1. Report, by residue number, each residue of the stretch 133-165 that is assigned to a loop (DSSP other than H, G, I, E, B), in contact with a Gly (Cβ under 9 Å, 6 or more places away or on another chain) and either of a type outside the set (D, E, K, R) or modelled with pLDDT of 70 or more (or both).
2. Give me the residue from the stretch 29-57 that is surrounded by 13 or more Cβ atoms within 10 Å (Cβ to Cβ) and outside any helix (DSSP H, G or I) and, out of that set, farthest from the chain's Cα centre (by Cα).
3. Residues being over 16 Å from the mean Cα position of the chain (by Cα), at pLDDT below 90 and of a type in the set (A, V, I, L, M, F, W, C): count how many of those fall in the stretch 187-240.
4. Looking at (1) within 24 Å of Gly198 (Cα to Cα); (2) part of a helix (DSSP H, G or I); (3) at pLDDT 95 or above, can you tell me which one Glu114 breaks?
5. With the requirement that a residue be assigned to a helix (DSSP H, G or I) and touching a residue at least 60 places away in the same chain (Cβ under 8 Å), what does the stretch 91-109 give you?
6. Against the definition (surrounded by 13 or more Cβ atoms within 10 Å (Cβ to Cβ) and β-branched (Val, Ile, Thr)), how does Ile141 come out, yes or no?
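The values are calculated or read from the model by the stated rules, or taken from the named source; none is laboratory data. Being a predicted model, the structure only gives us computed values, none of them experimental. All Cβ positions, glycine included, derive from the backbone under ideal geometry; neighbour counts span all protein chains shown.
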Amino acid sequence: MSEAGQYVISTLRQMIVSGELVAGSRIAEIPTAERLGVSRTPIRIAFGVLAQEGLLIKLKNRGYRVRKITPEEINGAVEVRGVLEGLAARQAAERGLSAEHRKGMLTCLIRGDELFVKGYVTEEDLEVYHEINQEFHALIIAASHNPAIEIAKKGSEHIPFASVSSLAIDKDNLAREYRRFNFAHMQHHAVFDAMSCGHGARAENIMREHANATLRYAQMLNSELTDSDAIRVIIGDNRG
C-alpha cells in the first residue's frame, strides 16, 4: 500500500477511536478527501479496509456509517489475538526456527532497533515500524507451521482491532508513542529469544502479554485515563 494510503487509514482509524468521527455519523468520500487533503482513491480504499476491520458499516444506499465501539469489544479482540499468536509462538519454539524465519525476524529486530536508538520517533518512523511489526507477527505465524492459526486470525479480523494491522497513532503525543512502541519492540526481542531457545511456554506467555501490554502500560503512565484514552492507546499495538 502507498504511503498516502497508509496515512489515510491510520488517520481515520485514530479519528474514529478518539471520537473525532462520532459513532453513528455518516461519512462520505468527497468531504473526507477534502478534510485530509488527499484524492478520493485512498479514501475509497481506506473505507473498505476500515469496514473490514469493523470500524465502519457499509450502507445499502452507498456511503458508510461510523460504528460504535466499546472497550469490551476491543479488550475481547485483543485477548483472542493474544491466544492465537501465543499458540503460534509456542509451536514455533517447539518446532525450532528455520534459518529463513530466523533471518527474517532478526532483520525486523535490527530495523526496529535503528528506529528507536535515537530516543524519539517521528510519524514517519511509526509508519515504518507498522510495516516491521506486521512482518514480525506474520513470521511468527508462519514459523508455527499451523495453517489453522492463520485461518482463525483471518476469521476474526472483522472484529475491531483484532488485526495486528490496526495501527492508530496519537500524533499529538509522540513522546508517549515512543515509549509505547519501544516497549513493544523489546517484547519482540524477548519472544524471539524464547523461540530461539525452544522455550515454548515462555514464548506463548510473552505473546499473550504482548497483545495486552499496551492497555496496562497506558494505565501505568496515567491512572486517570478515560475510556477513549485507553482505547486510543491499546490499539496501536494490538498491533505491537
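1. Matches in the stretch 133-165: His158, Ile159, Pro160, Phe161, Ala162, Val164.
2. Among those that are surrounded by 13 or more Cβ atoms within 10 Å (Cβ to Cβ) and outside any helix (DSSP H, G or I), it is Val38.
3. Result for the stretch 187-240: 3.
4. (1)
5. Gln91, Ala92, Ala93, Glu94, Arg102, Met105, Leu106, Cys108, Leu109
6. yes
One line per residue, one yes/no per condition, for (1) without any contact (Cβ under 8 Å) to a residue 40 or more places away in the chain; (2) within 17 Å of the chain's Cα centre (by Cα); (3) surrounded by fewer than 19 Cβ atoms within 10 Å (Cβ to Cβ):
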site: Ile74; (1), (2), (3): no, yes, no
site: Val80; (1), (2), (3): no, yes, yes
site: Val83; (1), (2), (3): no, yes, yes
site: Arg111; (1), (2), (3): yes, no, yes
site: Ser156; (1), (2), (3): no, yes, yes
